[in-house]
Amino acid sequence: MKTFSVMAKDEQGRTGLIRVSINELRQEGELEWPPETSALIKMTVLESRDQIQCWVKWPSFNVRCVISSGETGGRTFLHIDLAGTRRSYEMEAADRQAFLAFVAGLALPAAAVVREGEADSHQSEDDFLQAGELGLTHVSLFLGKRPAASVEMDFMNVVINGVSVSLPPPSPIPSDQGIFVPVGFYPSGETITIGWEFETRYVHAPATVLVGIFRNQSLQNRTLMATLNVEMFERYAGVSSVKV
């Protein structure tokens, strides 16, 4: 097991530990960072051997993650790209050199660069059911928020085409960006009507919540249905028609 760790500062000026531990033989590891501790699988390095590419393992599917470093205006950063969002952590120049040396020394296969917009737009073929082959689209309903916003919320009721949906416990969106629930498979290209209701609990200061769907386990393939300014201990509801 090889490990890189650094004390770095986030966008709000808070300092915290970031640790990447890698089992080279199994091509898996763990990312410990301020939002969460993430299980990493299918790890590779970029062909130039200066960044790590992998998947963060979720309970229901996996999301592409890229760990890299950069320099802007004389400041050096560790970047973590996950679920379509980049989190940047400022670190010392010596720490950046240590990260680059760490990545260059990893005995991991090299992989081609992931282009912008592809961060989680596709999964490897063994990650989930290929619903497209069945003429179906898998739909998930999400409540999104800014990573720094302290908002506790949960779905109360969901009705699709007039039928109540039995909801499983919500799953977290990586990088502390909200929650989602799967709501089933629907014929591709069909328009469905979704009635949704959710409840807030603790909310630190006014916050904005996004309500929407994403398709086939891809956060990039999403449709926004509502943007709401929320307060604590309130219920919010709406009805939307979306094409799947």
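The values are calculated or read from the model by the stated rules, or taken from the named source; none is laboratory data. This one's a predicted model, so the numbers in the text were calculated from it and none came from an experiment. Note that we place each Cβ from the backbone using ideal geometry, even for glycine, and neighbour counts take in every protein chain shown. These accessible areas exclude ligands, DNA and RNA; they are computed on the full protein's heavy atoms, side chains included. Shrake-Rupley method; radii C 1.70, N 1.55, O 1.52, S 1.80 Å.
Residues of segment 146-167 being more than 27 Å from ALA205 (Cβ to Cβ), part of a loop (DSSP other than H, G, I, E, B) and either open to solvent by 50 Å² or more (accessible area, probe 1.4 Å) or outside the structural domain of PHE198 (by the TED database) (or both), which ones?
Result: ASN161, GLY162, SER166, LEU167.
Is one or more of the residues making up segment 13-23 surrounded by fewer than 18 Cβ atoms within 10 Å (Cβ to Cβ), assigned to a loop (DSSP other than H, G, I, E, B), touching a residue at least 40 places away in the same chain (Cβ under 8 Å) and in the same structural domain as SER88 (by the TED database)?
No, every residue in segment 13-23 fails to be surrounded by fewer than 18 Cβ atoms within 10 Å (Cβ to Cβ), assigned to a loop (DSSP other than H, G, I, E, B), touching a residue at least 40 places away in the same chain (Cβ under 8 Å) and in the same structural domain as SER88 (by the TED database).
Do the conditions hold for THR85, that is, is it exposed (fewer than 15 other Cβ atoms within 10 Å of the Cβ), within 20 Å of the chain's Cα centre (by Cα) and outside the structural domain of ASN216 (by the TED database)?
no
Looking at segment 24-54, which of its residues are β-branched (Val, Ile, Thr) and either open to solvent by less than 40 Å² (accessible area, probe 1.4 Å) or not in a strand (DSSP E or B) (or both)?
ILE41, THR44, VAL45, ILE52
Any idea how many residues of segment 209-221 are under 22 Å from GLU152 (Cα atoms) and not hydrophobic (A, V, I, L, M, F, W, C)?
1
Given (1) modelled with pLDDT under 80; (2) in a loop (DSSP other than H, G, I, E, B), identify the lone condition not met by GLU133.
Answer for GLU133: the failing condition is (2).
Mind listing whichever residues of segment 186-216 are in contact with an Asp or Glu (Cβ under 8 Å, 6 or more places away or on another chain), of a type outside the set (Phe, Trp, Tyr), in contact (Cβ under 8 Å) with a residue 40 or more places away in the chain and open to solvent by 20 Å² or more (accessible area, probe 1.4 Å)?
GLU199, ARG201
Quick test of your reading of the structure: GLN217 fulfils all but one of (1) at negative phi; (2) at pLDDT below 90; (3) out of contact with any helix residue (DSSP H, G or I) (no Cβ under 8 Å at 6 or more places or on another chain). Name the failing condition by number.
With respect to (1) at negative phi; (2) at pLDDT below 90; (3) out of contact with any helix residue (DSSP H, G or I) (no Cβ under 8 Å at 6 or more places or on another chain), GLN217 is out only on (1).
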